[in-house]
Amino acid sequence: MVESIPESIPYRQRRLPQRGAFRVHPDPGALPHLTHSGPGRNRYDDPLNAYGVRYVAENLTGALLETMARFRAVPTVQSRLAAVIGVEDDDPSYSQMDAIRDWLAMQRVGLVTLADPRALVDVHDPLLLADINKHYQVVAALEASELGTALNPATLDEGVIRLGGPRARPITQAVSRAIYEGYRDVVGGIAYRSRLDDQEWCWALWDDTDVIVVDEPLTPLRRHHRQAVQHAATTLEIQLPLNWH
């Protein structure tokens, strides 16, 4: 357990739950994979691809919402399915249900606790957002987003930090980089609310943040797992295979 959290930074902080936070992944203890081919696809990945980020959530439902969101119905669903598990685009027999079934079968539930004294800053703190709004990479991302105008330029605030999609992702990644560059010695990651359910808290942990992970298979035989998967699927309007009902 972490003995103390730094109090030297003037921003709100949010610790992981004492029992740990949840990570749903085939290997929850694994370090994040760096592609070295540009920015990652996730919300607080490093835009320069120099450090990895582990994503964890306060509740299993929150972790599943974040990871199962890839299965929401979209016009390009077949290409999304191929990207998820490597299915060939020309396989007409492979359905979204098959993809979800196979994905669920590969997942494990990790309970992640910190062995690191650094703080986890609350990215919704307006003081923090006002300070990093001046960071060169945040400024560039805001300008490129075209969210503002010449007379009313975009500013980093709660509305912008909660946005998703291709316009917003470079901004949140720039926020990650700004916090990492400015406070790495005392900050081990970012706390943020899920965009899919703002009652669910999540954390983006730098890859050098020491963690302890205990994991088990994700299985419909465990009531807690089954109910969390069902809740996430209902929220995301995803149809589950029969063994998860």
| query | Cβ under 9 Å from Gly110's Cβ, Gly110 left aside: what net charge do those residues give with Lys, Arg +1 and Asp, Glu -1? | reply | -1
| task | Give, as a single signed number, the net charge of other residues whose beta carbon lies under 12 Å from the beta carbon of Asp45, with Lys and Arg counted +1 and Asp and Glu -1. | result | +3
| Sorted peptide list for 232-239, 114-121, criterion being average Cβ within 10 angstrom, highest first | 114-121, 232-239
| field | P(r) histogram, all alpha-carbon pairs of the stretch 101-147 included - 10 Å bins from 0, percent | value | 18, 26, 21, 31, 5
| said: Placing unit charges on C-beta atoms (Lys and Arg positive, Asp and Glu negative, everything else neutral), compute the dipole magnitude of the chain about its Cα centre in debye, rounded to 20. | reply: 460
| field | Long-range amide H partners of Val187 with built H, under 5 Å | value | Ala119
| remark: Within the under-15-Å Cβ sphere about Glu200, not counting Glu200, Lys/Arg +1 and Asp/Glu -1 give a net charge of +1
| task | Rounded to whole Hz and in sequence order, give me ³J(HN,Hα) for the stretch 50-58 from the Karplus expression 6.51 cos²θ - 1.76 cosθ + 1.60, θ = phi - 60°, writing x for Gly and Pro. | result | 9, 10, x, 9, 8, 10, 9, 9, 4
| note | Over all Cα pairs of the stretch 101-231, the Kirkwood radius sets Rh, and Rg/Rh then becomes 1.05
| query | Where does the stretch 155-219 land on Rg(C-alpha)/(2.2 N^0.38 Å)? | reply | 1.31
| request: State, to one decimal in nm, how far the label point of Ile212 lies from the label point of Arg15, with both points 7 Å from Cα in the Cβ direction. | output: 1.4
| request: Would you be so kind as to identify all helices of the chain, as entire DSSP H runs, whose Cα atoms reach 24 Å or more along the helix's own axis and whose mean Kyte-Doolittle hydropathy is at least -1.0? | output: 165-183
| message | Need one number: the % of Cα-Cα pairs in the chain sitting beyond the 22 Å mark. | response | 56
| said: How far apart, in nanometres, would the label points at Thr155 and Ala73 be if each is projected 7 angstrom from Cα along the Cα-to-Cβ direction? | reply: 4.1
| said: Under 8 Å for C-alpha pairs, at least 6 residues apart: give me the relative contact order for the chain, rounded to a whole percent. | reply: 32
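Rule-based calculations on the coordinates, nothing more; no lab input. Keep in mind that what you see is a predicted model, and the values were worked out from it rather than measured. Reconstructed Cβ throughout: ideal geometry from the backbone, glycine too, with neighbour counts over all protein chains shown.
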